[in-house]
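The values are calculated or read from the model by the stated rules, or taken from the named source; none is laboratory data. For clarity, every value in this text was computed on a predicted model and none was experimentally measured. So basically every Cβ, Gly included, is an ideal-geometry build from the backbone, and we count neighbours across all protein chains shown. For the accessible areas, the whole protein counts, side chains as well, though only heavy atoms, and no ligand, DNA or RNA atoms are used. Shrake-Rupley method; radii C 1.70, N 1.55, O 1.52, S 1.80 Å.
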Amino acid sequence: MKLWGGRFETGPSEVFERFSNSLHFDRRLLDADVRGSQAFARSLARAGVLTEPECAEIVAAFDSIRSEANSPRFFDDAEDEDVHSFVIGKLKELVGGLADKIHTGRSRNEQVSLDTRLWLRDECDHARELLRQLIAALLDLADKYPNAIIPGYTHLRRAQPVLWPHYLLAYFEMFMRDHERFADARRRADEMPLGSGALAGSGFPHDRDAIARDLDFHAVTRNSMDVSADRDFALDYLYAASVTMIHLSRLAEDWILYSSEEFGWMELGDGVTSGSSLMPQKKNPDSLELIRGKSGRVLGALNSLLVTMKGLPLTYNRDMQEDKEPLFEACDQVNGCLEMARVVAESVVLREKVPADAADASWVVATDLAEALARNGTAFHQAHQIVGRLVLESVRAGKKPADWDAASLAQFAPEFTPELARLLDPREGMKTREITGGTGPAAVASALIAARKRLANLS
Ligand code: ARG
């Protein structure tokens, strides 16, 4: 169905029609389009444009369009320019000339804003649920190895020992922020645009608050020109999705490394790894590599829409139709990756001894020793120098921390009092970090309990 034409002497060229058609992708908004159109019909009835029986007939027809929409051949042979035209065409098949009234004073500019907002609200909820499940799996993985020690890294060099749950709780924080960001994006999308017309506001007396209540929006938009011009809500979603993907790709990268033969800390489940068609021994972390790889597509989607919107004159421009494919693409990728990451997390087996040995074999305790010297009264810079020399001497002699004891330490530098020797064990130094947010065992245990509570309280 064409929603325009009177002003033209000839129809669009076949090339232009093919070029500008969006039905093959915006059909994803069909459900939202129908729900929005039903609410619009009810509003037209309240405004006296439709009679109650006409409105009832239209709403019922939309119901049947909605239920038919899942049948595989529903869109076959459709030649409509977009989903909005398509839906009205379907309505016309069902109710005839009455369908000509549904678009009274309505513009596709406000309609596409409404549809996208309705769709996005649901997708924000979906992403939040997938995040919740991933976060739960990460906490389960932390609980499986409450006392495991790993070397924490900076510059991908062994830095200081941390508890395995402490490491996972870092991702807990990131994904909880992502959860908030999707809630924020949802709040931004949750404003009802109908009644804005093409750009100047509707010429019919709609009760916009009633439409908002009908569609469960928390508020109505406040400026009709802004409605036609605005895609901030889509950008907000894409930003939330992009940051989530950055977190997922960092987790993926960590675990690709940790499960490598070089690290050897963890085993990924057979179910989330692939073999090689040539090398029989291979067990490749493809699930994680794909998460890392797909992050590029989502970041690309955000960039794509940012660049599309930049410098567009107010209000609506057809450029804005190009928002949908990046939006749908980002949505598919972030949802798929969140689900995949959860399944990988459920499959992880930590070989606790390997990272613990790695911590023992390196000088991750150096900071603990320097800080202990400082607590005993040596100025920190001097303490840093003393321990630095101890590490240099050890590296030259091929000594690990465990190759030292109280006597040899005291001989190396008189500042090393006997009780400091226990800090050669990484587990001991961690006990000095009982500070909120630190890796002290008691701090981590209570952080885990707090994390469980925060997870349970997620709305
Ligand atoms: N399909 C368009 C879009 O997604 C909505 C229609 C508005 N078109 C128009 N020519 N005003 O942006």
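The lysines within cross-link reach of K453, meaning a Cα-to-Cα straight distance under 22 Å and a gap of 8 or more places when in the same chain, are K144. Placing +1 on the Cβ of every Lys and Arg and -1 on the Cβ of every Asp and Glu, with nothing else charged, gives the stretch 3-141 a dipole about its Cα centre of roughly 460 debye.
Highest-first packing order for the peptide set 135-147, 358-370, 231-243 is 231-243, 358-370, 135-147, based on the mean count of other beta carbon atoms within 10 Å. Taking the C-alpha atoms only, the angle from helix 30-46 to the longest principal axis of the chain is near 50 degrees. Computed over the stretch 262-389, relative contact order equals 30 percent, with contacts defined as Cα pairs under 8 Å that lie 6+ residues apart.
Per-residue SASA remark: I246, around 70 Å² accessible (1.4 Å probe; ligands, DNA and RNA not included). Rounded to the nearest 10 degrees, the inclination of helix 108-144 to the longest alpha-carbon principal axis of the chain is 20 degrees.
In the context of the full protein assembly, R128 retains an accessible surface of approximately 40 Å², using a probe radius of 1.4 Å and ignoring ligands and nucleic acids. Ranking of R46, R132, R7 by solvent-accessible surface, largest first: R7, R46, R132 (1.4 Å probe, protein heavy atoms only, all chains present). For a test of the definition: using alpha carbon positions, the gyration tensor, and the 1.5 limit on a/c, classify the stretch 89-130 as rounded, prolate or oblate. In terms of gyration-tensor shape, oblate. P(r) tail for the chain: Cα pairs beyond 36 Å make up 47% of the total. For K399, the lysines whose Cα comes closer than 23 Å to its Cα, not counting residues fewer than 8 places off in the same chain, are K353. Across the accessible surface of the chain, with the other protein chains kept in place and a 1.4 Å probe, carbon and sulfur atoms take up 52 percent. Taking 25 Å as the straight-line reach from the Cα of K324, the lysines in range (excluding those fewer than 8 positions away in the same chain) are K2, K90, K294, K310. To the nearest ten degrees, helix 52-68 and the longest principal axis of the Cα atoms of the chain are 50 degrees apart.
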